[in-house]
Amino acid sequence: MAKIAEDFKKFILRGNVVDMAVGIIVGGAFSTIVKSLVDDVVMPPIGLVLGNVDFEDLFIVLREGNQALPPYPTVEVAQEAGAVTLNYGIFINNVVSFLIIAAVIFFAIRAMTRLQDLFDEEQEAEKKQKSEPKTRSCPFCQEEVADKAVRCPHCTSQLVDLQGRRLQPETRPA
């Protein structure tokens, strides 16, 4: 039993599980905002253009209710009367919500991918710069010489630093 508890603890504290939980919570909050955007901002002008239609109230009565006779002005009234309805207006709202969420996620991931690519390019440039040997020209023969060289491997001249002092070999402990 202790082994199961230990394994469960490792599973819960794993980074990707916590990230997934945060994503689900943020996604839930985000879907509320998108639903409001669709229901309160996007669909009213579309309904107005289509002849003052509220998409929430687009439905087909499949079976009349026994408490009140049709026509029913809204889905809620129809359902309270016991009618069976096909709510295609709500479906249209949900499709528009999905498309907006998908577009936002697409653009967010696209932006993150571009930032990651820029970061990777910077890392690659730094790595390339570090891996390239640092060299300078020998003042006597003009051949490339390593920065840390004290003698030119081509002409064997004693090299000097920028102040004109002779370079001394680095002393390394044995």
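None of the figures in this text is laboratory data; all of them are computed from the coordinates on show. Being a predicted model, the structure only gives us computed values, none of them experimental. Glycine also receives a Cβ, built like all others from the backbone with ideal geometry; neighbour counts cover every protein chain displayed.
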Using +1 at the C-beta of Lys and Arg and -1 at the C-beta of Asp and Glu, which of Val150, Phe55, Pro71 has the Cα lying farthest in the positive direction of the dipole of the chain?
Val150
Inter-probe distance in nm under a simple model that places probes 7 Å from Cα toward Cβ, at Asp54 and Lys148
7.9
With no solvent and one point on each alpha carbon, what is the Debye value of log10 I(q)/I(0) for the chain at q = 0.10, 0.13, 0.16, 0.17 Å⁻¹?
-0.75, -0.91, -1.06, -1.12
Let's see if you can work this out: charge +1 on each Lys and Arg Cβ, -1 on each Asp and Glu Cβ, no other charges. What is the dipole magnitude of the chain about its Cα centre, in debye to the nearest 20?
1400
Along the principal axes of its C-alpha atoms, what lengths does the stretch 1-59 span, in descending order and rounded to whole Å?
66, 22, 10
Mind giving me the nanometre distance, one decimal, between the label points for Phe8 and Glu80, set 7 Å out from Cα along Cα→Cβ?
4.6
What is the dipole size for the stretch 1-98, taken about its Cα centre, with +1 at each Lys and Arg Cβ and -1 at each Asp and Glu Cβ, in debye to the nearest 20?
620
Mind listing the long-range amide H neighbours of Thr135? Cut-off is under 5 Å, sequence gap 5 or more, other chains count too, H placed in the peptide plane at 1.01 Å from N.
Asp147
